[in-house]
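Working notes, beginning with the structure itself.
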Amino acid sequence: MAQYGGLLTTTSGEVWVTANSSPIALQARKTAALQGTSGFNTRVTHTFPSGQPVVAFVHCTVEVEITQTVSGNTITIDFLRPNATGTAYVYFFTIFPQTKPDYGMAVWDASGTLILTHETRTLVDVVTIGTAGVDASSGYNINTTS
């Protein structure tokens, strides 16, 4: 039996092909208030579909130590010892069934799962910043916007 599907490209030229792949997409955005108080730690948790990958991206408005753990299908981001009061924004990307929109583009996989719509925010154009192995421009020393 012949394979069929769609071939989509991003504005920067990356190719995404159905029917044998599902995009990793933004499932949730959560925020946390960070307190610059000694011993005050903040935790953000998110449950994702079992058996799927999960990637968390974090942006903080103040310096803070960040750790991540995954247990089963729950990911936990801990914010430890912030140096001032601020906000943490956490973006969780994973593979999950999409919600059918009232109108627009929709793509289903061979099993009938809706995997992509015009409203899906897929993870594309990830760019490496900093220099691995150079303390001054990697890890918690990175302070870059683009």
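The values are calculated or read from the model by the stated rules, or taken from the named source; none is laboratory data. On a predicted model such as this, the values are computed, not experimentally measured, just so you know. Because the Cβ atoms are built from the backbone with ideal geometry, glycine has one as well, and the counts that use them run over all protein chains shown.
With respect to Ser38, is the statement that it is out of contact with any Cys (no Cβ under 7 Å at 6 or more places or on another chain), closer than 30 Å to Leu114 by Cα and either in a loop (DSSP other than H, G, I, E, B) or modelled with pLDDT under 85 (or both) true? Criteria not met by Ser38.
For region 40-58, the set of residues classified as among the aliphatic types (A, V, I, L, M) and over 11 Å from the mean Cα position of the chain (by Cα) consists of Val44 only. Kindly indicate which of Val127, Val62 is surrounded by 11 or more Cβ atoms within 10 Å (Cβ to Cβ) and of a type in the set (A, V, I, L, M, F, W, C). Testing whether each residue is surrounded by 11 or more Cβ atoms within 10 Å (Cβ to Cβ) and of a type in the set (A, V, I, L, M, F, W, C) leaves just Val62. Sort out which residues of region 24-44 are under 18 Å from Ile95 (Cα atoms) and surrounded by 14 or more Cβ atoms within 10 Å (Cβ to Cβ), and write them in order of number. Within region 24-44, Ile24, Ala25, Leu26, Gln27, Ala28, Lys30 meet the criteria. In region 87-100 there is at least one residue matching the filter, namely being closer than 27 Å to Thr37 by Cα and either over 17 Å from the mean Cα position of the chain (by Cα) or part of a loop (DSSP other than H, G, I, E, B) (or both).
Filtered by the rule that a residue be modelled with pLDDT of 90 or more and among the aliphatic types (A, V, I, L, M), region 7-35 gives Ala25, Leu26, Ala28, Ala32, Ala33, Leu34.
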